[in-house]
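A.B. asks: The structure's right below; bear with me while I get my questions together.
The values are calculated or read from the model by the stated rules, or taken from the named source; none is laboratory data. Since we're looking at a predicted model, the values are computed, not measured. A quick note on method: Cβ atoms are made from the backbone with ideal geometry, for glycine too, and the neighbour counts reach across all protein chains shown. Protein only, heavy atoms only, side chains kept; ligands, DNA and RNA dropped before computing areas. Shrake-Rupley method; radii C 1.70, N 1.55, O 1.52, S 1.80 Å.
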Amino acid sequence: MPRFNLRNLRIGVVGLGYVGLPLAVEFGKRFNTVGFDVKAARVEELRRGHDSTLEADDAELASATKLTYTTKLADLKSCRVFIVTVPTPIDEYKRPDLTPLVKASESLGQVLKKGDVVVYESTVYPGCTEEVCVPILERVSGLKFNRDFFAGYSPERINPGDKEHRLSTIRKVTSGSTPAVAEFVDSLYRSIVTVGTHKASSIRVAEAAKVIENTQRDVNIALINELALIFNRLGIDTEEVLKAAGSKWNFLPFRPGLVGGHCIGVDPYYLTHKAQAIGYHPEMILAGRRINDNMGMYVAQQVAQLMIGRRIQVKDARILVMGLTFKENCPDIRNSKIVDVVRELEKYGAKVDVCDPWADTAEALHEYQVRPVRRPRPGSYDAIVMGVAHDEFRQMGIAGVRELGRKVHVLYDIKYVFKADEVDGRL
């Protein structure tokens, strides 16, 4: 067991995004904590006391009096516990992209010392920590795993934009590479998570628990999306059906929609990758992924059909898509499936504007080559797609949204912002 205790602990948090920053802030209220990120602009804004992701407000940042920020790897040398919170995306072929995880492990290997503990929070497939990350730490540091240094895994459960379910109020799964380390890691997180922890029996169990949390949601949403496709052909309103079924106490309240973001639309591919590597083809999970990945195309087709039905020419039509972020009231645009709708409409020859008061213009340009319009001109659009249920859009009301359209236009509502009889089409 590492020869230190919680009283004189120094923690290094690697990666200061949606997951890493809230963690660094909470630890920084109690322990000497170093927040490390390779992006100089990100570190600089945090030093100025502002978080552009809005996961921590200025007062929260100020409350972390023992937290410092850096881009210099050498500043992590005095830390005894390192927590890795880098992204784990997929590549264009929907395969796990472990590049950020590998680079973080290579960096930590340069500052790792005897007795140190490295805890990973990034979503991975079962076995990744010990099969991929630990060998890198051993190779770079020259130290021996479970003799000179130790590992843990505590999957993140951050829900971007959620001000009710916060880090300290979401039960945390913990694990360690030995029983003693598992207890240490658990006690570390118990010090900041007020609702308690769940100590898993192994790192692999903790990894598996994380990846199925979002896989379960993905499959359930895929089922509802498929039902929406069926009900649309039957001429039945999906929301009305779901409300009727929801009158039964144990009916799960899922809704159809686009499945994007950094978790639900990505994590299942980590599990299916590992399943296929051991010779099992996961049929249900991949079927759900195919349904959800194709919903953007379906929405665009529905919009085009509605326009044709109103004798509105789709080619060269002006279409407004309201929303770009992957969820409401949040600036996170990672893996936004709204972009799929935009690209499909552009294939029809339409000229598409995107409006989103939450999305950062520079980030949207960099990630998707989309420049959001801030004030759409009333009376300008042949079609309007309500893509994200931001409060700002709800407050406009149906009349305010309709004013953006030409005299003859269609309004398609993905998110059930308005009543069925107020719009021309919806999922």
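A.B. asks: Within region 225-247, is there a residue that is within 22 Å of the chain's Cα centre (by Cα), farther than 30 Å from N32 by Cβ and open to solvent by 20 Å² or more (accessible area, probe 1.4 Å)?
C.D. replies: Within region 225-247 (the criterion being within 22 Å of the chain's Cα centre (by Cα), farther than 30 Å from N32 by Cβ and open to solvent by 20 Å² or more (accessible area, probe 1.4 Å)), the answer is no, since none of the residues qualifies.
A.B. asks: For the list (1) out of contact with any Phe, Trp or Tyr (no Cβ under 9 Å at 6 or more places or on another chain); (2) more than 25 Å from A228 (Cα to Cα); (3) surrounded by fewer than 17 Cβ atoms within 10 Å (Cβ to Cβ), I need the number of the one condition that W358 fails.
C.D. replies: Checking W358 against (1) out of contact with any Phe, Trp or Tyr (no Cβ under 9 Å at 6 or more places or on another chain); (2) more than 25 Å from A228 (Cα to Cα); (3) surrounded by fewer than 17 Cβ atoms within 10 Å (Cβ to Cβ), the one that fails is (3).
A.B. asks: Tally up the residues in region 325-382 that are among the aromatic types (F, W, Y) and within 16 Å of the chain's Cα centre (by Cα), please.
C.D. replies: 2
A.B. asks: Residue pairs, Cβ under 7 Å, 6 or more apart or interchain, first in region 91-109 and among the basic types (K, R), second open to solvent by 40 Å² or more (accessible area, probe 1.4 Å) and assigned to a helix (DSSP H, G or I). List them.
C.D. replies: Filtered contacts from region 91-109: R95/H273.
A.B. asks: Determine whether region 146-157 contains at least one residue that is part of a helix (DSSP H, G or I) and not hydroxyl-bearing (S, T, Y).
C.D. replies: no
A.B. asks: Which helices (runs of 4 or more DSSP H) sit wholly inside region 238-299 and have at least 1 residues that are closer than 30 Å to E131 by Cβ?
C.D. replies: Counting at least 1 such residues, we get 267-277, 283-293.
A.B. asks: Give the residues of region 275-286 that are over 21 Å from the mean Cα position of the chain (by Cα) and either open to solvent by less than 80 Å² (accessible area, probe 1.4 Å) or free of Cβ contacts under 8 Å to residues at least 40 places away in the same chain (or both), sorted by residue number.
C.D. replies: A275, Q276, A277, I278, G279, Y280, H281, P282, E283 - these are the residues of region 275-286 that are over 21 Å from the mean Cα position of the chain (by Cα) and either open to solvent by less than 80 Å² (accessible area, probe 1.4 Å) or free of Cβ contacts under 8 Å to residues at least 40 places away in the same chain (or both).
A.B. asks: If you don't mind, another one. Suppose we filter T129, T85 for residues that are polar (S, T, N, Q), open to solvent by 10 Å² or more (accessible area, probe 1.4 Å) and either modelled with pLDDT of 95 or more or closer than 22 Å to F31 by Cα (or both); which single one remains?
C.D. replies: Within the list T129, T85, the selection yields T85.
A.B. asks: Working carefully through the options D97, D91, D116, find the one that is over 23 Å from the mean Cα position of the chain (by Cα) and among the acidic types (D, E).
C.D. replies: None of the other options fit; the residue is D116.
A.B. asks: If you don't mind, another one. Among the numbered conditions (1) more than 21 Å from the chain's Cα centre (by Cα); (2) open to solvent by 40 Å² or more (accessible area, probe 1.4 Å), tell me where L320 comes up short.
C.D. replies: All conditions pass for L320, except number (2).
A.B. asks: Also, quick follow-up: Look through region 254-274, keep the residues that are among the β-branched types (V, I, T) and touching a residue at least 40 places away in the same chain (Cβ under 8 Å), and return whichever of them is surrounded by the fewest Cβ atoms within 10 Å (Cβ to Cβ).
C.D. replies: Once the filter is applied, the top-ranked residue is I264.
A.B. asks: Where residues in region 44-74 are open to solvent by less than 70 Å² (accessible area, probe 1.4 Å) and among the acidic types (D, E), which of them is nearest to the chain's Cα centre (by Cα)?
C.D. replies: E55
A.B. asks: Of all residues in region 1-32, count the ones that are farther than 18 Å from K113 by Cα, at pLDDT below 90 and either buried (at least 16 other Cβ atoms within 10 Å of the Cβ) or among the hydroxyl-bearing types (S, T, Y) (or both).
C.D. replies: Residues meeting the conditions: 0.
A.B. asks: Name the one entry in V401, V410, V388, V339 that is open to solvent by less than 40 Å² (accessible area, probe 1.4 Å), touching a Gly at 6+ places or on another chain (Cβ under 8 Å), under 26 Å from L229 (Cβ atoms) and in a helix (DSSP H, G or I).
C.D. replies: Within the list V401, V410, V388, V339, the selection yields V339.
A.B. asks: For region 198-215, does any single residue satisfy the condition of being part of a helix (DSSP H, G or I), open to solvent by 40 Å² or more (accessible area, probe 1.4 Å), closer than 30 Å to I414 by Cβ and touching a residue at least 60 places away in the same chain (Cβ under 8 Å)?
C.D. replies: No - not one qualifying residue is present in region 198-215.
Every residue, every condition in (1) in a helix (DSSP H, G or I); (2) surrounded by fewer than 22 Cβ atoms within 10 Å (Cβ to Cβ), yes or no:
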position: I333; (1), (2): no, no
position: L345; (1), (2): yes, no
position: V354; (1), (2): no, no
position: E363; (1), (2): yes, yes
position: R406; (1), (2): no, yes
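A.B. asks: Would you check if V140 is more than 27 Å from the chain's Cα centre (by Cα) and in a helix (DSSP H, G or I)?
C.D. replies: So V140 fits the description; yes.
A.B. asks: So which residues in region 148-167 are open to solvent by 30 Å² or more (accessible area, probe 1.4 Å) and touching a residue at least 12 places away in the same chain (Cβ under 8 Å)?
C.D. replies: Hits for region 148-167 are R157, R166.
A.B. asks: Any residue at all in region 188-196 that is open to solvent by 10 Å² or more (accessible area, probe 1.4 Å), under 26 Å from F145 (Cβ atoms) and out of contact with any Leu (no Cβ under 7 Å at 6 or more places or on another chain)?
C.D. replies: yes
A.B. asks: Within region 109-121, identify whether any single residue is closer than 24 Å to N335 by Cα, open to solvent by 20 Å² or more (accessible area, probe 1.4 Å) and either outside any loop (DSSP other than H, G, I, E, B) or not hydrophobic (A, V, I, L, M, F, W, C) (or both), and answer yes or no.
C.D. replies: no
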